[in-house]
Amino acid sequence: MKNLALHWKILIGMVLGIIFGVFMIKIDGGERVVTDWISPLGIIFVKMLKLIAVPLIVASLIKGISDLKDISKFKKMGLRTMIIYVVTTIIAITIGLALVNTIKPGEGISQETVLKLKDKYADNKSVQAKIAEAGNQKERGPLQFLVDMVPDNAFKAMSNNKLMLQVIFFTILLGISMLLIDEKKAKPLKEFFDSLNEVVLKIIDLIMLIAPYAVFALLATVIVSADDPTILLALLKYALVVVLGLVLMIAFYLIVISIYTKKSPLWFLKQISPAQLLAFSTSSSAATLPVTMERVEEHIGVDKEVSSFVLPVGATINMDGTSLYQAVAAVFIMQVIWPEGLVFSNQLIIVFTALMASIGSAAVPGAGMVMLVIVLDAIGFPSDLLPIALALIFAVDRPLDMCRTVINVTGDATVSMVVAKSLGKLGEPNVKNWDDNYKK
């Protein structure tokens, strides 16, 4: 076990977690045992990853910007990053719409199943909270997301992981300002953040030592808290359409990597797999960000100048997997309970709204469902049917959330490689182990 690669250890932990969860469901009090004694390890692991997310972004981004020496390089990198993120999001939405209109999973859902889902989930507190949050978002102005990016208190922004864009804004401003003052005066601050960056990366190595055990806990918890298997089976066709779209999106990433960066797709998957597996286990791009940055920089060879900007921005605004899911979910809902809305103009609105929502709602908790409500509202979906619409897909949202987070993380890593290659910043891997400087 000691000599196994990290991704194999994590994969073994996931499989054992699923088996253990299934076993605990079948015994009396098993769910309580998992909740009380197993789940806390997974929660602690996720909290540790979130703990270092802000220090990592601040230190890494300042180091990356200060190493550029030239603001024009940062402008070029930022523009390319945003354009590529927009293009990949549009491609993801288009793939989702093409699949759901071709396979038509909504035609296999009976009214009996719809009524069962309505009775179980329409009044669910979580469903109602998503609708309420989406209502708040709709009342905001079109440029409110830009206002939300600018913090009025840097320390307050750094104390809340949901305000990641504000942290990025402040850090970029600080990094650029360091370039504009005398190099000697900026040197002490630069050396401090260089040192902080190395320390935080070492913390990531230490945290990853418990990753296999943590994903065991996370997956076991997911299994024991799963919904009614009969309902999940009824929604299987819809879920498979989403998963097929996500697989096609990964295939698109691999083609881009093979053709543009000239790297082996299988090599890329092997290097990024620990981040993908953690994304699946945690359902959080933000929580996985420290690991994604470590894998991309040390194991793939993307220069810190690029990764320190592209990846934090991607974790907050690039939601390829989530956008694809919204396209499929919106049309699926229309196929089941609002077939008159299945017109071409509405599909175009879905593309535009899903794209804007993925950028504008980065700081919204539970963004996927909230964004879906915004998309449905944009196409004129009857407001009285919204609780039923969300109830229709709520049962399978958690497993699909796990899957789409993998695509979000993979997309971030792919774009960082593409941007690095275009700037001549894609080098050779430089792997660092947790015990490189440990004296036995």
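The values are calculated or read from the model by the stated rules, or taken from the named source; none is laboratory data. Since this is a predicted model, take the numbers as computed values, not measurements. Virtual Cβ from ideal backbone geometry, glycine too; neighbours counted across all protein chains shown.
List, please: which pairs have Cβ atoms under 7 Å, are six or more places apart or on different chains, and start with a residue in the stretch 132-153 that is closer than 16 Å to PHE169 by Cα and end with one that is outside any helix (DSSP H, G or I) and at pLDDT below 75?
Filtered contacts from the stretch 132-153: ASP148/ALA363.
Kindly establish whether GLY17 is over 29 Å from the mean Cα position of the chain (by Cα) and in contact (Cβ under 8 Å) with a residue 60 or more places away in the chain. Break it down into steps so the answer makes sense when it comes.
Numbers: over 29 Å from the mean Cα position of the chain (by Cα): no; in contact (Cβ under 8 Å) with a residue 60 or more places away in the chain: yes.
Here the answer is no, as GLY17 does not meet what is asked.
Inspect all residues belonging to the stretch 303-312 and state whether any of them is closer than 23 Å to ASN433 by Cβ, in contact with a Leu (Cβ under 9 Å, 6 or more places away or on another chain) and of a type in the set (Gly, Ala, Ser).
Checking the stretch 303-312: at least one residue is closer than 23 Å to ASN433 by Cβ, in contact with a Leu (Cβ under 9 Å, 6 or more places away or on another chain) and of a type in the set (Gly, Ala, Ser).
Answer with yes or no whether ALA251 is of a type in the set (Gly, Ala, Ser), buried (at least 19 other Cβ atoms within 10 Å of the Cβ) and out of contact with any Lys or Arg (no Cβ under 8 Å at 6 or more places or on another chain).
Working: of a type in the set (Gly, Ala, Ser): yes; buried (at least 19 other Cβ atoms within 10 Å of the Cβ): no; out of contact with any Lys or Arg (no Cβ under 8 Å at 6 or more places or on another chain): yes.
So ALA251 does not fit the description; no.
Take the stretch 5-43 and flag every residue that is among the aromatic types (Phe, Trp, Tyr) and under 24 Å from PRO229 (Cβ atoms). First the steps, then the outcome.
The initial filter retains those residues of the stretch 5-43 that are among the aromatic types (Phe, Trp, Tyr), namely 8, 20, 23, 37.
Across the stretch 5-43, the qualifying residues are PHE20, PHE23.
Assess whether LEU277 counts as being hydrophobic (A, V, I, L, M, F, W, C), under 18 Å from ALA5 (Cβ atoms) and either touching a helix residue (DSSP H, G or I) at 6+ places or on another chain (Cβ under 9 Å) or touching a residue at least 60 places away in the same chain (Cβ under 8 Å) (or both).
Values: hydrophobic (A, V, I, L, M, F, W, C): yes; under 18 Å from ALA5 (Cβ atoms): yes; either touching a helix residue (DSSP H, G or I) at 6+ places or on another chain (Cβ under 9 Å) or touching a residue at least 60 places away in the same chain (Cβ under 8 Å) (or both): yes.
So LEU277 fits the description; yes.
Are any residues in the stretch 167-191 without any contact (Cβ under 8 Å) to a residue 60 or more places away in the chain and buried (at least 19 other Cβ atoms within 10 Å of the Cβ), and if so, which ones?
Within the stretch 167-191, just PHE170 meets the criteria.
Test of understanding: among THR102, THR81, THR113, which residue is under 22 Å from ILE57 (Cβ atoms) and among the hydroxyl-bearing types (Ser, Thr, Tyr)? Walk me through it before giving the result.
Values: THR102 fails: under 22 Å from ILE57 (Cβ atoms); THR113 fails: under 22 Å from ILE57 (Cβ atoms).
Sole residue among the options that is under 22 Å from ILE57 (Cβ atoms) and among the hydroxyl-bearing types (Ser, Thr, Tyr): THR81.
Being at pLDDT 90 or above and either among the polar types (S, T, N, Q) or surrounded by fewer than 24 Cβ atoms within 10 Å (Cβ to Cβ) (or both), is that true of even one residue in the stretch 354-376?
no
Give me the residue from the stretch 112-161 that is among the polar types (S, T, N, Q) and within 30 Å of LEU232 (Cβ to Cβ) and, out of that set, surrounded by the most Cβ atoms within 10 Å (Cβ to Cβ).
Going through the qualifying residues, I end up with GLN137.
Let me spell it out: the conditions are (1) part of a helix (DSSP H, G or I); (2) within 30 Å of LYS120 (Cβ to Cβ), and THR292 meets all of them except one. Which number is the exception?
Here THR292 clears every test but (2).
Modelled with pLDDT of 90 or more, closer than 30 Å to PHE332 by Cβ, part of a helix (DSSP H, G or I) and aromatic (Phe, Trp, Tyr): is that true of TYR213 in this structure?
Numbers: modelled with pLDDT of 90 or more: yes; closer than 30 Å to PHE332 by Cβ: no; part of a helix (DSSP H, G or I): yes; aromatic (Phe, Trp, Tyr): yes.
So TYR213 does not fit the description; no.
Taking the stretch 288-304 only, how many residues are over 11 Å from ILE272 (Cα atoms) and surrounded by fewer than 24 Cβ atoms within 10 Å (Cβ to Cβ)? Explain how you work it out, then say what you get.
Here is the first cut: in the stretch 288-304, the residues over 11 Å from ILE272 (Cα atoms) are 288-290, 301-304.
Checking the rest, the ones that are also surrounded by fewer than 24 Cβ atoms within 10 Å (Cβ to Cβ) come to 301, 303-304.
Of the residues in that region, 3 qualify.
Kindly provide the set of residues from the stretch 407-436 that are in contact with a Ser or Thr (Cβ under 8 Å, 6 or more places away or on another chain), closer than 14 Å to LYS304 by Cβ and polar (S, T, N, Q), ordered by number.
The one that is in contact with a Ser or Thr (Cβ under 8 Å, 6 or more places away or on another chain), closer than 14 Å to LYS304 by Cβ and polar (S, T, N, Q): SER416.
Would you kindly identify the helices (runs of 4 or more DSSP H) lying entirely within the stretch 323-440 that contain at least 2 residues that are under 30 Å from ARG295 (Cα atoms) and of a type outside the set (Lys, Arg)?
Working: elements: 344-360, 367-378, 386-394, 397-422.
In the stretch 323-440, the matching helices (runs of 4 or more DSSP H) lie at 344-360, 367-378, 397-422.
Of the residues ILE90, ILE65, ILE95, ILE83, which single one is closer than 30 Å to GLU305 by Cα and touching a Gly at 6+ places or on another chain (Cβ under 7 Å)? Outline the logic, then answer.
Numbers: ILE90 fails: touching a Gly at 6+ places or on another chain (Cβ under 7 Å); ILE95 fails: closer than 30 Å to GLU305 by Cα; ILE83 fails: touching a Gly at 6+ places or on another chain (Cβ under 7 Å).
Within the list ILE90, ILE65, ILE95, ILE83, the selection yields ILE65.
Please verify whether VAL243 is touching a Cys at 6+ places or on another chain (Cβ under 8 Å), of a type outside the set (Phe, Trp, Tyr), under 30 Å from LEU390 (Cβ atoms) and surrounded by fewer than 24 Cβ atoms within 10 Å (Cβ to Cβ), treating the condition exactly as stated.
Values: touching a Cys at 6+ places or on another chain (Cβ under 8 Å): yes; of a type outside the set (Phe, Trp, Tyr): yes; under 30 Å from LEU390 (Cβ atoms): yes; surrounded by fewer than 24 Cβ atoms within 10 Å (Cβ to Cβ): yes.
In short, yes.
Of the residues in the stretch 101-150, how many are closer than 20 Å to SER358 by Cα and either in a helix (DSSP H, G or I) or of a type in the set (Ser, Thr, Tyr) (or both)?
At the first step, the residues of the stretch 101-150 found to be closer than 20 Å to SER358 by Cα are 127, 129-150.
Still in the running and either in a helix (DSSP H, G or I) or of a type in the set (Ser, Thr, Tyr) (or both): 127, 129-138, 144-149.
Summing the residues that are closer than 20 Å to SER358 by Cα and either in a helix (DSSP H, G or I) or of a type in the set (Ser, Thr, Tyr) (or both) in the stretch 101-150 gives 17.
Could you tell me whether the stretch 54-65 includes any residue that is among the hydrophobic types (A, V, I, L, M, F, W, C) and surrounded by fewer than 20 Cβ atoms within 10 Å (Cβ to Cβ)? Can you show your working first?
Looking only at the stretch 54-65, we keep the residues that are among the hydrophobic types (A, V, I, L, M, F, W, C), and these are 54, 56-59, 61-62, 65.
From what's left, surrounded by fewer than 20 Cβ atoms within 10 Å (Cβ to Cβ): none.
For the stretch 54-65, residues among the hydrophobic types (A, V, I, L, M, F, W, C) and surrounded by fewer than 20 Cβ atoms within 10 Å (Cβ to Cβ): absent.
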